[in-house]
Amino acid sequence: MDKLQIVGGKRLNGDIPISGAKNAALPILCAGLLTGGDLALSNVPRLHDVRTMLRLLEQTGLKVTQDDENVVLNGAAINTLVAPYELVKTMRASILVLGPMLARFGEAKVSLPGGCAIGSRPVDQHIKGLRAMGADITIEGGYIHAKAARLKGARIYTDMITVTGTENLLMAATLADGETVLENAAREPEVTDLANMLVAMGAKIDGIGTDRLVIQGVDSLHGTEHAVISDRIEAATFLCAVAATGGDIRITRTRTDIFDVAIDKLREMGVLLTVEGDSIRARMDGRPHPVSFRTTEYPGFPTDMQAQFMAVNTIASGPSRVTETIFENRFMHVQELNRLGAQISTEGNTAFIKGIDRLVGAPVMATDLRASASLVIAGLAAEGTTLVDRIYHLDRGYDRMEAKLSAVGADIIRIK
Ligand code: EPU
């Protein structure tokens, strides 16, 4: 298993290009199931999760042609309507094939994803929505088996805001008979990116970017070209890294309008941020100021940035408080950060961070994707050597993070 070895204490200086967003790319790839035409995608990040999704799609008969960050999908010859447990268990986002497969082919059999490290993460809302659209759904042998000659438009109010739930139902609704209204829809920029691409494929969607999506179903969708939106979580991760180490970096190929809240918090930490076109320059000197926050759905503070900001808070000039409201078990980085000397205690879903002068390097273990990123940030700031084990989690969602960081002066290497 690969590890990352980081010798901390180096300031970061230089440019970091941001890749396409994982959480936009995954649903967008699944939209390849909605059409027999060519879907020509660019800015597709080179990630383990993307490779898993492509494997899953290929085994349905979807044709995949890939050249680095460009992927062309063709769904003219789909012959298998099953997403098997072996693939789904490794990546929960596999559930995103359910809506499009059912909508276009009238049937889908998708393994139930089960729990994961950050929480139980049920998919009941996906199922509830598809049932409301007339699907006959049974759960048998660990599989969701859905059938519907043609889905029918419906008004669906999900019990909570769900990102992949919204995406699944949105894709299904594009080919349903009549009007679907998705109330309480997720507004994350990745949902919007998917919706914009669906419109380019011929879908009729109103309310994009709001919590009420109104979809008029059409008989078929066609191919299109689409560039995946820039990854706001990756961008914020590197900005947190410079907040912790000090230095002067510029993140390029990004968008500033989609992560206002993180920019606000970084400024509160003392990072000097200037926007230059599609780049953000970040300069940092001295100790970060502590920032307190609660995670919420977009446009609130994203749960996917919680661990990284907490890593910076560990060396802030005062105490802070972080409340996680989206996932019930997303504090697994706390124990590992404490191994580096951080002083964090938790009470329920709130973490109390004391803010100390310095962290000291140690061996630590990554437990999930964003927790891994927080350990890298902490390692970059710590005195001495940090060894981050189980970085396969990191590779799921960051495109060659160590290469991007060493290009700006970090002392970080991958040990095979
Ligand atoms: N929920 C249910 N039932 C459902 C759906 C969701 O109870 O049917 C609950 C979840 O258990 C959770 C909350 O609702 O407590 C929100 O979950 P959501 O469905 O929004 O999460 P997701 O769609 O499974 C996506 C991202 C996550 C990100 C969350 C929240 C993708 C592929 N994944 O997950 O990304 O944390 O939204 O923003 O888009 C990551 O990238 O590290 C990551 C975990």
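The values are calculated or read from the model by the stated rules, or taken from the named source; none is laboratory data. Just so it is clear, the model here is predicted, and its values are computed rather than measured. Using ideal geometry, Cβ is built from the backbone for each residue, glycine included, and neighbour counts are taken over all protein chains shown. Side chains included, ligands, DNA and RNA excluded: accessible areas come from the protein's heavy atoms. Shrake-Rupley method; radii C 1.70, N 1.55, O 1.52, S 1.80 Å.
Conditions: (1) open to solvent by less than 10 Å² (accessible area, probe 1.4 Å); (2) within 17 Å of residue 17 (Cα to Cα). Residue 232 meets all but one. Number of the miss?
All conditions pass for residue 232, except number (1).
Quick check on segment 140-149. Is at least one of its residues in contact (Cβ under 8 Å) with a residue 12 or more places away in the chain, of a type in the set (A, V, I, L, M), exposed (fewer than 15 other Cβ atoms within 10 Å of the Cβ) and away from the ligand (no atom under 16 Å from the Cβ)?
Within segment 140-149, the first condition is being in contact (Cβ under 8 Å) with a residue 12 or more places away in the chain, and the residues that meet it are 142-149.
Filter once more, keeping what is of a type in the set (A, V, I, L, M): 144, 146, 148-149.
Pick out the ones that are also exposed (fewer than 15 other Cβ atoms within 10 Å of the Cβ) and you get 149.
Then drop every residue that is not away from the ligand (no atom under 16 Å from the Cβ), which leaves 149.
Yes.
Has segment 194-207 got any residue that is open to solvent by 10 Å² or more (accessible area, probe 1.4 Å), within 13 Å of the ligand (Cβ to nearest atom) and at pLDDT 95 or above?
Among the residues of segment 194-207, not one is open to solvent by 10 Å² or more (accessible area, probe 1.4 Å), within 13 Å of the ligand (Cβ to nearest atom) and at pLDDT 95 or above, which makes the answer no.
Is it the case that some residue within segment 275-289 is away from the ligand (no atom under 12 Å from the Cβ), assigned to a helix (DSSP H, G or I), of a type outside the set (Phe, Trp, Tyr) and open to solvent by 60 Å² or more (accessible area, probe 1.4 Å)?
Kept after step one, since they are away from the ligand (no atom under 12 Å from the Cβ), are these residues of segment 275-289: 275-289.
Within this subset, residues satisfying the condition of being assigned to a helix (DSSP H, G or I) are none.
There is no residue in segment 275-289 that is away from the ligand (no atom under 12 Å from the Cβ), assigned to a helix (DSSP H, G or I), of a type outside the set (Phe, Trp, Tyr) and open to solvent by 60 Å² or more (accessible area, probe 1.4 Å).
Could you give every pair whose Cβ atoms fall below 6 Å, whose first residue belongs to segment 328-348 and is acidic (Asp, Glu), and whose second residue is in a loop (DSSP other than H, G, I, E, B), counting only separations of at least 6 or pairs across chains?
Note: no pairs meet the criteria.
Here's the yes/no breakdown for (1) within 16 Å of residue 88 (Cα to Cα); (2) within 16 Å of the ligand (Cβ to nearest atom); (3) surrounded by 17 or more Cβ atoms within 10 Å (Cβ to Cβ):
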| position | (1), (2), (3) |
| --- | --- |
| 132 | no, yes, yes |
| 151 | no, no, yes |
| 159 | no, yes, no |
| 175 | no, no, yes |
| 179 | no, no, no |
| 182 | no, yes, yes |
| 187 | no, yes, yes |
| 191 | no, yes, yes |
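Restrict the check to segment 20-39 and report whether at least one residue is farther than 24 Å from residue 173 by Cα and crowded, with 24+ Cβ neighbours inside 10 Å.
To start, the set of residues in segment 20-39 that are farther than 24 Å from residue 173 by Cα comprises 20.
Next cut, crowded, with 24+ Cβ neighbours inside 10 Å only: 20.
Yes, because at least one residue in segment 20-39 is farther than 24 Å from residue 173 by Cα and crowded, with 24+ Cβ neighbours inside 10 Å.
Where in segment 320-393 are there strands (runs of 3 or more DSSP E), lying wholly inside it, with at least 1 residues that are of a type in the set (Phe, Trp, Tyr) and at pLDDT 95 or above? Spell out the reasoning first.
On the way: elements: 320-323, 344-347, 350-353, 363-365, 385-389.
It comes to 350-353.
Considering only residues of segment 327-345 that are in contact with a strand residue (DSSP E or B) (Cβ under 6 Å, 6 or more places away or on another chain) and over 14 Å from residue 382 (Cβ atoms), which is most open to solvent (accessible area, probe 1.4 Å)?
328
Per-residue answers, yes or no, for (1) within 15 Å of the ligand (Cβ to nearest atom); (2) open to solvent by 10 Å² or more (accessible area, probe 1.4 Å); (3) in contact with a Ser or Thr (Cβ under 6 Å, 6 or more places away or on another chain); (4) at negative phi:
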{"position": "325", "(1), (2), (3), (4)": "yes, yes, yes, yes"}
{"position": "347", "(1), (2), (3), (4)": "no, yes, no, yes"}
{"position": "363", "(1), (2), (3), (4)": "no, yes, no, yes"}
{"position": "379", "(1), (2), (3), (4)": "no, no, yes, yes"}
{"position": "382", "(1), (2), (3), (4)": "no, no, no, yes"}
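Filter segment 255-274 down to the residues that are at pLDDT 95 or above and open to solvent by less than 10 Å² (accessible area, probe 1.4 Å) and list them by number.
Within segment 255-274, 266, 269, 271 meet the criteria.
For residue 309, which of the numbered conditions (1) away from the ligand (no atom under 16 Å from the Cβ); (2) in contact (Cβ under 8 Å) with a residue 40 or more places away in the chain; (3) within 22 Å of residue 23 (Cβ to Cβ) fails to hold?
Here residue 309 meets the rest and fails (1).
Could you look through segment 69-118, keep only residues that are part of a strand (DSSP E or B) and loosely packed, with under 15 Cβ neighbours inside 10 Å, and pick out the one that is nearest to the ligand (Cβ to nearest atom)?
So in segment 69-118, the residues part of a strand (DSSP E or B) come out as 70-74, 82-83, 107-111, 116.
Those still in the list that are loosely packed, with under 15 Cβ neighbours inside 10 Å too: 70, 116.
Numbers: 70: 21, 116: 8 Å.
Result: 116.
Residues in segment 246-264 that are part of a helix (DSSP H, G or I) and not β-branched (Val, Ile, Thr): how many? I'd like the intermediate steps shown before the answer.
Here is the first cut: in segment 246-264, the ones part of a helix (DSSP H, G or I) are 260-264.
Imposing the further condition that a residue be not β-branched (Val, Ile, Thr) reduces the set to 260, 262, 264.
Counting residues in segment 246-264 that are part of a helix (DSSP H, G or I) and not β-branched (Val, Ile, Thr) gives 3.
Within the set of pairs 6 or more residues apart or between chains, which connect a residue that is within 23 Å of residue 397 (Cβ to Cβ) inside segment 52-79 to a residue that is among the basic types (Lys, Arg) and part of a strand (DSSP E or B) with Cβ atoms less than 8 Å apart?
Listed by first residue and then by second, the contacts come to 73/63.
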